[in-house]
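In what follows, a single structure is set out as C-alpha cells and then discussed.
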Amino acid sequence: MGATEETIQQIKSMAGKYEAGFVTDIETDKAPKGLSEEIVRLISSKKNEPEWMLQWRLKAFQRWLEMPEPDWQKPKFPKIDYQDIHYYAAPKSMANKPKSLDEVDPELLKTYEKLGIPLKEQEILAGVQKPVAVDVVFDSVSVATTFKEKLKEAGVIFCSISEAIQNHPDLVKKYIGSVVPPGDNKHACLNSAVFTDGSFVYVPEGVRCPMELSTYFRINELNTGQFERTLIIADKGAYVSYLEGCTAPMRDENQLHAAVVELIAHDDAEIKYSTVQNWYPGNFETGQGGVYNFVTKRGLCEGRNSKISWTQVETGSAITWKYPSCILKGDHSQGEFYSVAITNGRQQADTGTKMIHIGKNTKSRIVAKGISAGKSDQTYRGLVKIMPKAQGARNFTQCDSLLIGDQCGAHTVPYIESRNKTANLEHEATTSKISEDQLFYCMQRGIGEEEALALIVNGFAREVMQHLPMEFAVEAQKLVGISLEGSVG
Amino acid sequence: MIKIENLKAAIETDDGEKEILKGVSLDIPAGQVHAIMGPNGAGKSTLSYVLSGREEYTVTGGSFEMDAQDMLELAPEERAAAGLFLAFQYPVEIPGVNMSTFLKTALNSVRKQRGEDELDALSMLKLIKAKCADLGISEDMMKRAVNVGFSGGEKKRNEVLQMAMLEPKFCVLDETDSGLDIDALKIVADGVNAMRSPERAFLVITHYQRLLDYIKPDVVHIMAEGKIVKTGGPELAKELEDKGYANVIGEAA
Ligand SMILES: Nc1ncnc2c1ncn2[C@@H]1O[C@H](COP(=O)(O)OP(=O)(O)OP(=O)(O)O)[C@@H](O)[C@H]1O
Ligand SMILES: [Mg+2]
C-alpha cells in the first residue's frame, strides 16, 4: 500500500466522511485540509504516539476550540480560516523513516544543499567551519539529524521530538507543556494539538554540549501549516547553544507557522538559543502571501544561577507575533534577550520579550534593535515584571529603532510592573532615521548604496549580532543586506 | 585632467531653491596641487560635495570632467571607483562598523568596480598595517568603530589613511589640517606629499597658510560667495594671511 493510500484508509477508518479525499502529490503525503479531532488523531497515529500523548493533544484541541484569538497585537489581518490549512504533510519517501542519510530521498537532500545546509557529516568535518549538528524538519517531519552518535558519547540527546516521544517518554512527559501550558494562548494551544515535529535536546548534569546544535525548518507544501515543537532541557551545570533557521518558498497564499519552544535550565545551567528567521515575507509591493509567524517561546530558569539567553534575527514573515521570554525563578538566575528585527515591503512585526523576575537577585537584559523600511510597521512590546519576592532584581532595557524612508512605522511599548522596592530598572529607547551623512560617507568610499545601507544597519545591530554563534554570524549579516534590498534609491 | 567649468549647484531649502555654487571653473592638470581658500560659507565644502555627487545638491549648470570622462552622470560610488576621493571636513561616525571592516568593504568595492580581484583577508591586513604605520595610526584604532570617539586629529588622520588605501587619481581635501596639532599636521602633510605623483591631482581646501608650507601648492584660488574670485601662485596665500579676505577680495571685486 502506498503511503497516500494508507493515509486515506486511516482517515476513512477514523472519520469516514472525507469524500474529497486527499490532495495527492507525487512527493507528498498530506492530510486533508481542516482541523478536527480526527486530524489530531491522525497526526498522533502517523507518529505512532503513545496514548498519553494523544490524550494530551486532544485536551489541547478541546481547549483550543473555546479560546479566543489574541487581538492586542498591532498587526491586523483577516481572520485565519483554520479549515483551509493542511495540518500534516510529509514527503512520501519519509513514510518509512530512513535509518541513515544514505536512505534519505536525494531530492530532499538537494533541497538542503540548495539552501546551504550541510547534512553529510564527512563533508562537514572536511570543511573549514566548525561542525554543527543539524536536525532538519521538512513540512511536518524531521528528515535527518546529524552527529547524533558523537553527541551520544557526550551523553547529549539530540533528536526530533517525535523520536523523543518514542525513546525518551519520561523526559518528554515531564517537561512538555511545563513552561508553555497548552492553554497559554490560542496559537500555543493549536500547536499543542497538532504539532508535528521539532527538536528535542537533553544535556545531562555537568555536561557542556561539545558542539553547536541547530534545527532547520522549511515549509514546502502549499496551504500547509508548520507547527513545530522544541523542547530543550539543560540539567544541573549543563551548557548548550542551539540555533534555528527557517525558510519557506514564495507562495501567494499565507502560510501559518505556530511554533512552541520551551527551555528549562536547572541549577547553574545555561541555554543559549538563537534564531535566524527568514520565512517568506510576502510580495514586496502588494503584501500578498507570506508566512504568519505566531510563535510562543519561553524559557524557565528553574535553578539557582541558571541562565537563558535568546538571540533573534527576524527578517522574514508577513506577520511576526513573537515574544521569547524568561521566567527567572531560581535565585540569581539571568535572562537575556537580544533582538534584531527587520521589516521591509509590507511586513508587520510585533515582537519583544517578557522577563518575569521571581527569584532573588535575578537579572535580565534586553537589547532590541528594530529596523523598519518600505511600508512596513514594527512594534517592540516588552514586559518586565518584578514579583514581590524578587529582592534585588535588576533589569536593563535598551530599545533602538531605525527608520529607513518615511513610509514605515516603529513603535515601542514597554510595560513595567514592579512589586518589589529593591528592584533596579533601567530603560533606554531611541528612534532615529537612517543618516544620509553616513550613507554618503560610505558611498564616497566606493560602497554602493545598498551595500552601504547593509553595512550601517549591521553596525546598528552589532550589539545583538555579536551574540550569535560565530558559525552563523556571517550568514546573518548577509541576510540583513538581502532583507533591506529595495528600501533605498 | 580635472576640468570644472562654470559649475552651478543649488540646494532645496524651506524657502525654496538656494543657489550656492554660482559658476565655478577650475582646471587642474595631473601632477598639480591646487589650493582653495575663502571665508566661511563661501561654498568650499559644497563644491567638494557636488564634485563627489552628494544627492542633496542639484547641479543647475556647468560641467565636471575627469580625464575627459563626464563625472556628473556617475553615482557617488562610481566617482569613487573612477578615482575621486574626498577627505571630509567633518568625518562621519558609523557606530558598530569597525575600521578594518569598513576599509575592507570600501577597497574591495572599488576594486570590483575597477575590474580587479578582491583582496584576500591576509593581503588586506598587511596593507592596512603598512598604511597605518606610515601615518602613525595605531593598529588598535582599526578595531574601533569608524570615527566613533576619535579625537579631531585622529579623524583627520583617518581620512588620509583611507585616501592612501584607495589610491585615487583626484584627491579633494576639505580642511584636513584643522584640528591637527603641529606634529600631526606634519605627519598628515607627509602622507599627502608621499602620494603626490605626476598622475595625481589634488584640491586642498584650507583656511591656513601653514598647511601650504608643508603641502606646496602650484596654484592658489580664492573662493567667495560661490565663485572663484582670484587665482594666483603660492604667494596669494601669504598675501591673504597678511591682509585678510576683505582686502584681497575687495581688490579683486
Ligand atoms: N544643506 C544646506 N542647507 C542650507 N544651506 C546650506 C546647506 N549646505 C550648505 N549651505 C549653505 O551654503 C553656504 C556654503 O556652505 P559651505 O559649507 O560650502 O561653506 P564653506 O566654504 O565650506 O565654509 P567653512 O569655511 O565654514 O567650512 C553656507 O551659507 C551654508 O549655510
Ligand atoms: Mg567647509
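The values are calculated or read from the model by the stated rules, or taken from the named source; none is laboratory data. Because the structure is predicted, anything quoted here is derived from the model rather than measured. Virtual Cβ from ideal backbone geometry, glycine too; neighbours counted across all protein chains shown.
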Test: residue B:86 is assigned to a loop (DSSP other than H, G, I, E, B) and either within 7 Å of another protein chain (Cβ to nearest Cβ) or surrounded by fewer than 19 Cβ atoms within 10 Å (Cβ to Cβ) (or both): no
Strands (runs of 3 or more DSSP E) wholly inside region B:130-245 containing at least 3 residues that are away from every other protein chain (no Cβ under 14 Å): B:201-205, B:219-224, B:227-232
Matching residues in region B:90-120 - criterion: being touching a residue at least 12 places away in the same chain (Cβ under 8 Å) and away from chain A (no Cβ under 12 Å): B:100, B:119
Lone unmet requirement of (1) modelled with pLDDT of 90 or more; (2) surrounded by 24 or more Cβ atoms within 10 Å (Cβ to Cβ) for residue A:318: (1)
Scan of region A:387-434 for residues that are surrounded by 15 or more Cβ atoms within 10 Å (Cβ to Cβ) and part of a loop (DSSP other than H, G, I, E, B), ordered by number: A:387, A:390, A:391, A:392, A:393, A:404, A:405, A:408, A:420, A:423, A:434
Breaking point among (1) surrounded by fewer than 12 Cβ atoms within 10 Å (Cβ to Cβ); (2) of a type in the set (A, V, I, L, M, F, W, C); (3) modelled with pLDDT of 85 or more, for residue A:80: (1)
Condition met for residue B:65 (of a type outside the set (A, V, I, L, M, F, W, C), assigned to a loop (DSSP other than H, G, I, E, B), more than 10 Å from chain A (Cβ to nearest Cβ) and surrounded by fewer than 18 Cβ atoms within 10 Å (Cβ to Cβ)): no
Some residue of region B:173-191 being of a type outside the set (S, T, N, Q), within 16 Å of ligand 1 (Cβ to nearest atom), over 30 Å from residue B:99 (Cα atoms) and touching a residue at least 60 places away in the same chain (Cβ under 8 Å): no
Residue identified as within 12 Å of ligand 1 (Cβ to nearest atom) and assigned to a strand (DSSP E or B) among B:36, B:4: B:36
Residue ranges of strands (runs of 3 or more DSSP E) in region A:92-204 with at least 3 members touching a Ser or Thr at 6+ places or on another chain (Cβ under 7 Å) and modelled with pLDDT of 70 or more: A:132-138, A:157-160
Lone qualifier among B:75, B:80 - being within 14 Å of chain A (Cβ to nearest Cβ), crowded, with 23+ Cβ neighbours inside 10 Å and more than 15 Å from ligand 1 (Cβ to nearest atom): B:80
Qualifying residue in region A:462-485 (condition: within 13 Å of chain B (Cβ to nearest Cβ) and aromatic (Phe, Trp, Tyr)): no
Subset tally (residues that are over 17 Å from residue B:55 (Cα atoms), aliphatic (A, V, I, L, M) and within 7 Å of chain B (Cβ to nearest Cβ)) for region A:441-460: 2
Long-range neighbours under 8 Å by Cβ, at least six apart or interchain, first residue within 16 Å of ligand 2 (Cβ to nearest atom) within region B:27-46, second part of a loop (DSSP other than H, G, I, E, B) and hydroxyl-bearing (Ser, Thr, Tyr): B:35/B:206; B:36/B:206; B:37/B:206
Residue B:23 surrounded by fewer than 14 Cβ atoms within 10 Å (Cβ to Cβ) and over 26 Å from residue A:448 (Cα atoms): no
